[in-house]
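Structure, as structure tokens:
The values are calculated or read from the model by the stated rules, or taken from the named source; none is laboratory data. Given the structure is predicted, the values throughout are model-derived calculations rather than measurements. Cβ atoms come from the backbone with ideal geometry, glycine included; neighbour counts cover every protein chain shown. Heavy atoms of the whole protein, side chains included, go into the accessibility calculation; ligands, DNA and RNA do not. Shrake-Rupley method; radii C 1.70, N 1.55, O 1.52, S 1.80 Å.
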Amino acid sequence: MIEKNMHQFLVEHPDMKYVFFGGKGGVGKTVMAGTAALWLARQGRRTLLASTNPVHSLTSLLDQDVFGAETPVAGVENLWACEIDTKDTIARSKREIREKIEWFLRFADIKAKADEFVESATMNPAFEESAMFENMIDLMFEDKYQAYVFDTAPTANARRLLGMSSVYSLWVTKMMKSREEAKSLRELLSYSKKKEKDPLMEYLLSFQERMKHAKELLTDEERTAFFFITLPEALPIAVIKRFIAWFEDFGIPVGGVIVNMVIGKETLGKDVPEFVLNRLKMQENYMEEIWDSFDGMVRALVPQFETEVRGIEMLERTAERLFT
Ligand SMILES: Nc1ncnc2c1ncn2[C@@H]1O[C@H](COP(=O)(O)OP(=O)(O)O)[C@@H](O)[C@H]1O
Ligand SMILES: [Mg+2]
């Protein structure tokens, strides 16, 4: 039994502003993000549906090109969508890092080319993830919308992104300490007493400020909620169990669980093929596990539709099931 459905949850959290969906690949994260964004927009809230995932699918979901720019969704008032151009972000981050490194090499009187340092700092997946994370928080800080729905990257990445905000903060504190030490040493050694402006230090400080702010937003349960999507199947259930435990450890608010692609008994006619009956039986067993494991957290059961979910009309249909 659903104790608190999606609608009730949002009524109880009137300031909800940042909504995320997580789960195994293919369970319906993009579909539910689109559905929730549509619903929020229909409630009269200026809403942005954004994807930071390098593998974009909003353009296909909405049947409209939303790549690289915040684009009004045709026929839906209050709704904008955007697939963030990750290549662009990564290039920009690389440029910024290069400037910092070049400055630092000059400052420390090291006669080396920045290239090598830039490569080693940026040629890894964590760099791309952190660039996308920055993208996401930039959008959040801009505060142009009343609600943001993020179509998140697959599970493990998303968690790492969030975990990173704590790691960043530790790293920055360490960096600043050694920068302070280096600075006073330099001032001591220096004959001229003129104080130098330290762009690296300034950068680290503002970076730490941003991360602190991001963490505040992401751990505020009145404004942020992560919803986890599963199917009544073993693997997707195992994935979100792990995910929920991780998030609770990080103090990131879990909004609840959505069960997708549930086969409705009542939709089956006579002469149901054997394999469908078997699937139904399997789903019924896993539903028991879901009620047990996610006691009080299930917010919706969304049926398996006869077609894929694409276009506004199908999203409306999905919204009826997600929000009632
Ligand atoms: N309730 C549903 N009924 C029918 N098809 C669905 C349903 N939910 C999702 N789909 C379809 O399943 C596929 C995967 O959904 P998607 O949202 O892209 O998953 P994810 O983003 O988690 O990888 C898509 O083709 C989508 O249209
Ligand atoms: Mg997706």
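As a test, work out the antiparallel percent of DSSP beta bridges whose residues both lie in the chain, rounded to the nearest 5.
Approximately 5 percent, going by the DSSP bridge assignments.
How large is ³J(HN,Hα) for each residue in region 274-284, as worked out from phi by the Karplus curve 6.51 cos²θ - 1.76 cosθ + 1.60 (θ = phi - 60°), to whole Hz, x for Gly and Pro?
Taking θ as phi minus 60°, the curve returns 3, 5, 5, 4, 5, 4, 4, 4, 4, 4, 4 Hz for region 274-284.
At 222 nm, what helix-only mean residue ellipticity would the chain give, in deg cm²/dmol to the nearest 500, using -39500 (n - 2.57) for each DSSP H run of four or more?
-18500 deg cm²/dmol
If the chain between Glu99 and Phe305 were fully stretched, how many nm would it gain, using 0.36 nm times the residue separation less the Cα-Cα distance?
Answer, rounded to one decimal: 69.0 nm.
For Phe21, which sequence-distant residues (separation of 5 or more, or a different chain) have an amide H within less than 5 Å of its own amide H, given hydrogens modelled in the peptide plane?
Those qualifying (amide H under 5 Å, at least 5 residues apart or on another chain) are Phe150, Thr152, Phe227.
With charges only on Cβ, +1 for K and R and -1 for D and E, what is the dipole size of the chain about its Cα centre, in debye, rounded to 20?
Dipole magnitude for the chain comes out near 1120 debye.
Report the relative contact order of the chain, percent, no decimals, based on alpha-carbon pairs under 8 angstrom and at least 6 residues apart.
Once normalised by length, the contact order is 27 percent.
Would you pull out the residues with amide H under 5 Å of Ala81's amide H, same chain only if 5 or more places away, H placed 1.01 Å from N?
Hits under the 5 Å cutoff: Leu49, Thr71, Val73.
Can you classify region 216-324 as rounded, prolate or oblate using the Cα gyration tensor, where a ≥ b ≥ c are the square roots of its eigenvalues, rounded means a/c under 1.5, and otherwise it's prolate if a/b beats b/c and oblate if not?
Judged from the Cα gyration tensor, region 216-324 comes out oblate (a/c at least 1.5, b/c at or above a/b).
Given a 1.4 angstrom probe, I'd like the percentage of the accessible area of the chain that is carbon and sulfur, rounded to a whole number.
Roughly 54 percent, rounded to a whole number.
Return one number: the angle in degrees, 0 to 90 and rounded to the nearest 10, between the long axis of the Cα atoms of helix 155-189 and the longest principal axis of the Cα atoms of the chain.
Once rounded, the angle reads 10 degrees.
So, by mean Cβ neighbours within 10 angstrom, what's the order for 107-114, 53-60 with the highest one leading?
53-60, 107-114
Ordered by residue, what ³J(HN,Hα) values in Hz, to whole numbers, does region 48-64 give under the Karplus form 6.51 cos²θ - 1.76 cosθ + 1.60, where θ = phi - 60° and Gly and Pro are x?
With coefficients 6.51, -1.76 and 1.60, one gets 10, 9, 10, 10, 9, 5, x, 8, 7, 9, 5, 4, 6, 4, 8, 6, 7 Hz.
Please list the non-local residues whose amide H lies under 5 Å from the amide H of Val302, H modeled 1.01 Å from N, same-chain partners needing a gap of 5 or more.
Val259, Asn260, Met261, Val262
Rounded to the nearest 10 degrees, what's the angle between the helix 234-250 long axis and the longest principal axis of the chain, both from Cα atoms, 0 to 90?
Once rounded, the angle reads 40 degrees.
May I ask you to derive the FRET efficiency for Trp171 and Asp109 from their Cβ-Cβ distance with R0 = 25 Å, giving the value to the nearest 0.05?
According to the calculation, E is roughly 0.50.
What is the spin-label model distance, in nm, from Arg42 to Leu217 if the labels are put 7 Å beyond Cα along the C-beta direction?
Those two pseudo-labels are separated by 2.7 nm.
Roughly how many Å is it from the Cα centre of region 244-288 to that of region 70-105, as a whole number?
Between the Cα centre of region 244-288 and that of region 70-105, the gap is 36 Å.
Ranking request for peptides 96-104, 315-323: highest mean number of other beta-carbon atoms within 10 Å first, then the rest in descending order.
315-323, 96-104
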